[in-house]
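Engineer: One structure is given below, represented as structure tokens, and several questions about it will come after.
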Amino acid sequence: MSVAVAAANQLAADAGAAVAAAGGSAVDAAIAGVLVAALTEPGVCSPAGGGFVTIWGPDAPPVTIDGYLEMPGRTLPPEAFGHGGSKVWMAYGGGMETIVGPGSVATPGGFKALAEASDRFGRLPWAELLQPAIAAARDGFPLSASSDSYLEHALDPIYGIDPRSRAVLTDGDRRLRVGEIVRLPDLADLLDALAEEGVDLLYLGEAGAIISEFVLDGGGILTRHDLAAYETVWRTPISSGLAGRAVATNPGPAVGGAGLVAMLELTKGWAHEGFGPEAATRFAEVQEAVFSYRRRVLDPAVVPDVGELVARARVGDLAALRGSPSTVHVSAAGDDGWGCAITFSAGYGSGCMPPGTGLWLNNSLGEIELNHGGFHSLRPGTRLSSNMAPTLVRGEDSILAIGSPGADRITTAIATTLLAHVDAGLSLEDAVAHPRLHVERTPDGPRVALEPGMPYEGPWASRQFEELHMFFGGVAAAEASPRMVIAASDPRRGGGIAVA
């Protein structure tokens, strides 16, 4: 059996391939890869986040394991809410605000989702899947270019507010730069314990107690009751079709998968000849309509109902629709027909590292653009909103796993790649590198962000990039059939690929 892996960086891809070479499946490879990716992209992600695991075997329907972050605060009185967070501004991405500190920490679900995926679908023991991440934390890893780019802006306002965090990312008073070694020995010890005792240590045991006590002492609201009550949700993916292949992606209450399916439904057949001016302009119109519906209907909802968006897209109702680099993704596909796509996020990072854990906590309660009701406004136990869309595409005898980081650019990056590869017939590598466009919202109306080679000629203002840019996501795709096993990573983000 052969398995292809595409990941956020080469360390993560190699981790997945090593697990596959040891007898692991595509699911095992993706789990090992995403653990390494989340650990080795400081600032960009952290294992103390959440994510979605989409899995599709050859003889069973697809499933998405929802291990995303949740609103904490069980058992706390009303006066405990609204504290422990500080709004910060940083120049990253042209300037943005987010809320950091202990009050921004949501209940993490990622570890539980990965452990359940391993237990149900894996071939190797859970402890074996953790070994590459343990080695990376203990032996050290080079700071990636994406982490360096983020920390250039985020070290002082976010990752420098906790002395433990700052010490890991600096050499004296100097910030570590690309290629310099980051070591997390406390995290290696924690992962060793999770390998031996299982993830209950984090949700019911001593590790969870340390994290909760730290957050509560800082004015946050993550209680031991929240950790003990956390459950994954096994969901049926949203389905679609493209050029004779079946598509399965992240369902509601996340909004990313629904947005992707809506775009695919509204663009079927347009890209047969590639993205010429007419197709590119039409694609921009589709994006604007889908994002308009999302802003008007889905974003304000506590639990978004994504079904209406998909239904309107399937009948081509464009008129009715108009009414974060903080993510990592790993795709794995095996020639035995198994595919697994995992997307993980920890927000922009809370800047907090509980003592003895080496674990950066998430700031998902502080992501202003996803918490439309305001800071601490949700009922405890509510799943947070997400753009993530780990996706699988099954052909007659092939399986393709694909996903991307990039906030609301996730859907447009994946849609562009699938249209270019599945519909227009470009190679997987060329499709991942294909120029992209993304419709932005500005006070003056829609604006189309463009990479060189995307020939948009529509009426809206445009923002032209001079080269392929990380702004447009970082697609990781792996495809397998009895005839071939291939992977492709995005040149925009410096990802890694490996085949075992």
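Engineer: Would you please name the trypsin sites (Lys or Arg not before Pro) within segment 114-215 that are DSSP coil residues with at most 14 other C-beta atoms within 10 Å of their C-beta? Walk me through the numbers before you get to the answer.
Structural biologist: Numbers: sites: 120, 123, 138, 164, 166, 174, 175, 177, 183; in loops: 123, 177, 183.
Answer by residue number: 177.
Engineer: Within segment 1-101, which GluC sites (Glu not before Pro) sit in a loop by DSSP and count at most 11 neighbouring Cβ atoms inside 10 Å?
Structural biologist: Numbers: sites: 70, 79, 97; in loops: none.
Answer by residue number: there is no such site.
Engineer: Of all accessible surface on segment 129-169 at a 1.4 Å probe, what whole percent is carbon and sulfur? Numbers along the way, then the final one.
Structural biologist: Details: 780 of 1460 Å².
Of the solvent-accessible surface of segment 129-169, carbon and sulfur hold 54 percent.
Engineer: Considering all alpha-carbon pairs of segment 130-231, what whole percent are spaced by more than 22 angstrom?
Structural biologist: Values: 2294 of 5151 pairs.
In whole percent, the long-distance tail amounts to 45.
Engineer: Tell me the label-point distance for the pair residue 295, residue 59, using the 7 Å Cα-to-Cβ offset, in nm and rounded to one decimal.
Structural biologist: 5.0
Engineer: What value, in deg cm²/dmol to 500, does the helix sum -39500 (n - 2.57) over DSSP H runs of n ≥ 4 give at 222 nm once divided by the residues of the chain?
Structural biologist: Details: 16 runs with 161 residues, N = 500.
It lands at -9500 deg cm²/dmol.
Engineer: In addition: Can you bin segment 59-214 into rounded, prolate or oblate? Criterion: square roots of the alpha carbon gyration tensor eigenvalues sorted a ≥ b ≥ c, rounded for a/c under 1.5, prolate for a/b above b/c, oblate for the rest. Intermediate values should be presented prior to the final figure.
Structural biologist: On the way: a/c = 1.68, a/b = 1.21, b/c = 1.39.
In terms of gyration-tensor shape, oblate.
Engineer: Ignoring any ligand, DNA or RNA, what whole percent of the accessible area of segment 363-432 comes from carbon and sulfur when the probe is 1.4 angstrom?
Structural biologist: Working: 850 of 1950 Å².
For segment 363-432, the apolar C and S fraction of the accessible surface comes to 44 percent.
Engineer: For the chain, what is the accessible area per residue in Å², given a 1.4 Å probe and the full set of protein chains? Can you show the working numbers first?
Structural biologist: Details: 17190 Å² over 500 residues.
About 34 Å² of surface per residue is accessible.
Engineer: Shifting gears a bit: For segment 95-143, what D do you get in µm² per second when you plug the Kirkwood radius from alpha-carbon pairs into Stokes-Einstein at 25 °C and 0.890 mPa s? Numbers along the way, then the final one.
Structural biologist: On the way: Rh = 13.9 Å.
For the chosen part, D equals 176 µm²/s.
Engineer: Then there is this: Using the Cα centre of the chain as origin and beta-carbon charges of +1 (Lys, Arg) and -1 (Asp, Glu), tell me which of 392, 304, 184 is placed farthest towards the positive end of the dipole.
Structural biologist: Farthest along the dipole direction, towards plus: 304.
Engineer: Hey, another quick one. For 181, 99, 65, what's the largest-to-smallest order of accessible area, 1.4 Å probe? Working shown, then result.
Structural biologist: On the way: 181 75, 99 25, 65 0 Å².
In descending accessible area the options line up as 181, 99, 65.
Engineer: I'd like to compare 22-35, 239-252: which one has the highest average count of other Cβ atoms within 10 Å, and what's the full order after that?
Structural biologist: On the way: 22-35: 29.6, 239-252: 20.6.
Answer by packing, highest mean first, reads 22-35, 239-252.
Engineer: Next question, about the same structure. Convert 20 °C to kelvin, take the viscosity as 1.002 mPa s, use the Kirkwood radius over C-alpha pairs of the chain as Rh, and evaluate the Stokes-Einstein diffusion coefficient in µm²/s, rounded to a whole number.
Structural biologist: This corresponds to a translational diffusion coefficient of 97 µm²/s.
Engineer: A follow-up question, please. Excluding residue 25 itself, calculate the net charge of residues whose Cβ lies under 9 Å from the Cβ of residue 25, where each Lys or Arg counts +1 and each Asp or Glu counts -1. Please list the in-between numbers first.
Structural biologist: Working: positive: 123; negative: 28, 336.
Its environment carries a net charge of -1.
Engineer: For segment 7-74, what does the equivalent ellipsoid look like in terms of its semi-axes, each the square root of 5 times an eigenvalue of the Cα gyration tensor, given largest first in whole Å?
Structural biologist: Details: eigenvalues 103, 75, 12 Å².
Calculated on Cα positions only, the semi-axes equal 23, 19, 8 Å.
Engineer: Ignoring ligands, DNA and RNA, please state the percent of accessible area on segment 51-115 from carbon and sulfur, probe 1.4 Å. If you can, show how the numbers build up before the last one.
Structural biologist: Working: 1250 of 2160 Å².
Here it works out to 58 percent.
Engineer: If segment 348-500 were replaced by its equivalent ellipsoid, with semi-axes equal to the square roots of 5 times the Cα gyration tensor eigenvalues, what would those be, largest first, whole Å? Kindly include the intermediate steps, with their values, before the conclusion.
Structural biologist: Numbers: eigenvalues 180, 118, 45 Å².
Equivalent ellipsoid of segment 348-500: 30, 24, 15 Å, largest first.
Engineer: Quote the convex hull volume per residue of segment 421-500, based on C-alpha atoms, as a whole number of Å³. Display every interim value, and only then the final one.
Structural biologist: Numbers: hull volume 8.1 nm³, N = 80.
Each residue corresponds to 102 Å³ of Cα convex hull volume.
Engineer: Residues with beta-carbon under 9 Å from that of residue 3, excluding residue 3: net charge, scoring Lys, Arg +1 and Asp, Glu -1? Could the numbers behind the result be given before it?
Structural biologist: Working: positive: none; negative: 28, 335, 336.
Every neighbour counted, the sum reads -3.
Engineer: Count charges around residue 175 for me, please; just the other residues with Cβ under 12 Å from its Cβ, Lys/Arg as +1, Asp/Glu as -1.
Structural biologist: Details: positive: 166, 174, 177; negative: 148, 152, 156, 171, 173, 180.
Residues near residue 175 contribute -3 overall.
Engineer: Checking the a/c ratio against 1.5 first, then a/b against b/c, what shape does the Cα gyration tensor give for segment 118-168?
Structural biologist: prolate
Engineer: What's the magnitude of the charge dipole for the chain around its Cα centre, counting Lys and Arg as +1 and Asp and Glu as -1 at the beta-carbon? Answer in Debye, nearest 20. Could the numbers behind the result be given before it?
Structural biologist: Details: 34 positive and 57 negative charges, 176 e Å.
Using only the charged Cβ atoms, the result is roughly 840 debye.
Engineer: Among the chymotrypsin sites (Phe, Trp or Tyr not before Pro) in segment 426-500, which ones are in a DSSP loop with at most 14 other Cβ atoms within 10 Å of the Cβ? Mind listing them?
Structural biologist: Numbers: sites: 456, 460, 465, 471, 472; in loops: 456, 460, 465.
Hits after loop and neighbour filter: nothing returned.
Engineer: In Å, what Rg and Dmax follow from the Cα atoms of segment 1-142?
Structural biologist: Looking at segment 1-142, its Cα Rg and Dmax stand at 17.7, 57 Å.
Engineer: Which three semi-axes in whole Å describe the equivalent ellipsoid of segment 195-260, each the square root of 5 times a Cα gyration tensor eigenvalue, listed largest first? Show your work: numbers first, answer last.
Structural biologist: Details: eigenvalues 271, 46, 16 Å².
Equivalent ellipsoid semi-axes, largest first: 37, 15, 9 Å.
The values are calculated or read from the model by the stated rules, or taken from the named source; none is laboratory data. Computed from a prediction, not measured in an experiment: that's the story for all the values here. Note: ideal-geometry Cβ built from the backbone for every residue, glycine included; neighbour counts use all protein chains shown. The accessibility values were calculated without ligands, DNA or RNA, using every heavy atom of the protein model including side chains. Shrake-Rupley method; radii C 1.70, N 1.55, O 1.52, S 1.80 Å.
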